Amino acid sequence: METLGHLAHGFSVAFTPVNLMWCLLGTTLGTAIGVLPGLGPALTIALLLPITYQVAPEASFILFAGIYYGAMYGGSTTSILLNTPGESATIVTALEGNRMARSGRGGAALATSAIGSFVAGTLGTLGVAFLAPVVVKFALSFGPAEYFSLMVLAFITVSAVLGSSSVRGLTSLFVGFVIGMIGVDLQTGQPRFTFGMSQLLDGVDVIVVAVGLFAVGETFYMASRRYAGKDEIVPLKGSLYMTAAEWARSWKAWLRGALLGFPIGALPAGGAEIPTFLSYAIEKKLSKHKEEFGTVGAIEGVAGPEAANNASAAGVLVPMLTLGLPTSATAAIMLSAFQSYGINPGPMLFMTQANLVWGLIASLFIANIILVILNLPLIGLWVRLLKIPAPQLYAGILVFATVGTYGISQSPIDLVILYLLGGAGFLMRRFDFPTAPVIIGMILWPLAETQFRRAMTISNGDWSVFYKHPLSLTLLTLAFIGLIGPHIYAFIERRRTRGPEHVPGDA
Amino acid sequence: MLNRRRFLTSTAAAGAAGFAALHLSHAFAQDAPQIQIFVPAAPGGGWDQTARTMDQVLRSEKLISGSQITNVGGAGGTVGLPQFISQWNGKGNSLMVAGMVMVGAIIANKSANNLTEVTPIARLTGEFEALVVPAASPFKTAADFVAALKADPTKVPVAGGSAGGSDHILFGLIAKTAGVPAANLSYVPFAGGGEALSALLGNQVAAGISGYGEFSEQVKAGALRLLAISADKRQEGIDAPTLKEAGIDVELFNWRGVFAPPGVSVADKAAMITLVETMAKSDAWATECKNRNWTQILLTGEDYAKFLAEDTARIAAILKDLGLA
């Protein structure tokens, strides 16, 4: 109950007109930068750091928190409408969201992502307020061995996005592995697959790959089929927002997404991408409308991952506020803002800076409410984008993708990579290779590899770490069940249905 | 009605005063130059913060009228450096922020350009490193740590930043002084300070090496034990010996400084040194450094060039031992 008192005090800090103004400014700015590919929350906050010289700490953190949450909302908009993810956490949203937009349900996809973000963001913030000390204990028990086992689990579950042919899906996944390996190897400091180009030493940005394969590849494909008269985009079908059936399909996905996103976001090396993959895989498994996945677009496939990425955004704040551990680029920059006030974020922050911390948490609740109010009416405006005739729309997407990519690093090399990948995306689409596994491979592989090598370095080459640590063993067991479970289930099912008419000697 | 009129007049007066103040500061800043700062890293990191803090202090001290900061990030600065050398050549009003990390990156990446091609202006700040262990660790002193390292280096996994970075270099130097072959070390690199810290707090590794600022709060809270720091002398408010006092003859600052482009005139170089020196001696700069745990280690012109040459040789040698160069 002590927490409630603190929280009430936090609201009294956040509810001053000036701080509400900062919150509104932050959320608006965050939504805008989320929509623009290339401008992420980390970069925006870094550019706004000098503001810390001018305003009170509470005000600037309320502003930064608004930007952070706002970018998570805004990132999904371009994923859904233009197949151009603005943030790595919204790449999965593009898979089903864009299909929905093409079949006239763009409004519903945007609505489920906005409301899902609100639900999950609120749940996640509640988690930060009430569960932070418990969650952080759990998070610290994750060592390299546990992370590697989590990656194994992730690899098993993502088979759901491999598509109908596992050979094609695995080919795409391996292409992703190779792209993920480009750059300086963290463990040895040696460059891999960089071909002597210093611009490649830091690797290839996942956004560039996603935008190249999805948006540019798609544009090339459309251009090649311009006169075939296929793939009409339906501007809008049925209600602008969600129907009762869509609500019924969304709410469970929101809750499951939030449950996955918050704890994984709180892990020091968890990140926002992995919970979105896991959520997508789970929703696809549980859905009663499997035929809609990858065809007309299934709303669960948007609702779950969107909830997961917002809950993980809240989760990231747990180690940052309780231990002073920055676990994402955005959190690291927010920590450097703490330092410019002479505040050292660390285990004592909740006690020494109660005003600031609880004001920040309260403003996260307010930011969530402002964001859903801000985003729902915008949907009507956004879906009009789809009324633009295809040639102009795709030309616009190409410009948008190009400018956004250049914005990430101001590097011409990135533009070359973008168009090379666009060409590859076109060929993959033409010959029916799924593109999503490339992205998943390039995100998961480096994580799995790094954690595996760390675990082996620490254990001095002893493999038993993976099954002697209980948490690691649990995760590996789950992965094993995930791998063979469906086959056993299918076998039993076949037995049961075939049972009566099965006669010995029949075959 | 009266209230409203009074409100309006007072607002107008305040506005006029503000305008006058603006005008005045503008007039005052007439002779102050405009400078350009090149940051070979993405916004938010140490070099970028150095640049933005310099901009802030220089403006508040009325030493410049304004500055423009350009970020070209990537590969420890080795993506930005060639650009600064070729495209900023001869621009007397510009500075590049760089530091020890870039020296290491140039060697490890076998970069075609290096820091002898730019004009050294001043070494500004440094962050000394800290050797820490989890609170539950059997190591009570730096000597315990070194003894364990001598006994079997593979049993002492140490967490820190990326391979070949300042943390790894310090670990290599400590091992070298203790007579342990660098190739046998068990170094566990992490991408960021936060991740390395969580490995320490979760007792995943035996010890950690990183900038003191990364660990200071955990040390104060008792979650980590500070064995030694890599500074040149004892630091006020830090209850730990230097490595030298602990019997390990190593001193290391992860330093940051500024450079002018190649081809600037002697007069421009002298003016830039004076400008940076004046800034470094101001109270505003001292306050910012204190807030950020930056130790001031000012060194300018030729002294700086000499230091740079020595440090480059030392880093090249240790990176070779570590198998990275």
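For the range A:1-121, the alpha carbon convex hull comes to 110 Å³ per residue, rounded to a whole number. For chain B, modelled as a GNM whose springs connect Cα atoms under 10 angstrom apart, the maximal fluctuation among B:ILE315, B:ILE238, B:ILE248 occurs at B:ILE238. By the rule of a C-alpha distance below 23 Å, with chain neighbours fewer than 8 residues away ignored, the lysines paired with A:LYS468 are A:LYS137, B:LYS155. A run of chain A free of exposed loop cleavage sites, with GluC sites (Glu not before Pro) counted only in DSSP states other than H, G, I, E and B and at most 10 other beta carbons within 10 Å, reaches its longest extent at A:233-500. Cross-link reach is defined here as a Cα-Cα straight distance under 28 Å, omitting same-chain residues fewer than 8 places apart; for B:LYS110 the lysines meeting it are B:LYS91, B:LYS176, B:LYS306, B:LYS320.
The convex hull of the Cα atoms of the range A:2-497, projected and averaged over all directions, covers 24.8 nm². Can you tell me the 0 to 90 degree angle between the C-alpha axis of helix B:266-280 and the longest principal axis of chain B, rounded to 10? So the helix axis and the longest Cα principal axis differ by about 80 degrees. For the pair the range B:233-286 and the range A:417-445, the centres of their Cα atoms are 48 angstrom apart.
As an equivalent ellipsoid, the protein assembly as shown spans semi-axes of 44, 35, 28 angstrom, where each value is the square root of five times an eigenvalue of the C-alpha gyration tensor, largest first. What the Cα convex hull of the range A:341-477 gives, in volume per residue, is 293 Å³. Could you calculate, for the range B:260-325, the ratio of the Cα radius of gyration to the Kirkwood radius, expressed as Rg to Rh? In the range B:260-325, Rg relative to Rh is 1.10. A straight Cα-to-Cα reach below 16 Å connects A:LYS284 with the lysines A:LYS252, residues fewer than 8 places away in its own chain not being considered.
We did not get these values from a lab; they are worked out from the coordinates using the rules stated. In this text the structure is predicted, and so the values were computed from the model without any measurement. Here Cβ is always computed from backbone atoms with ideal geometry, including for glycine, and neighbour counts include all displayed protein chains.
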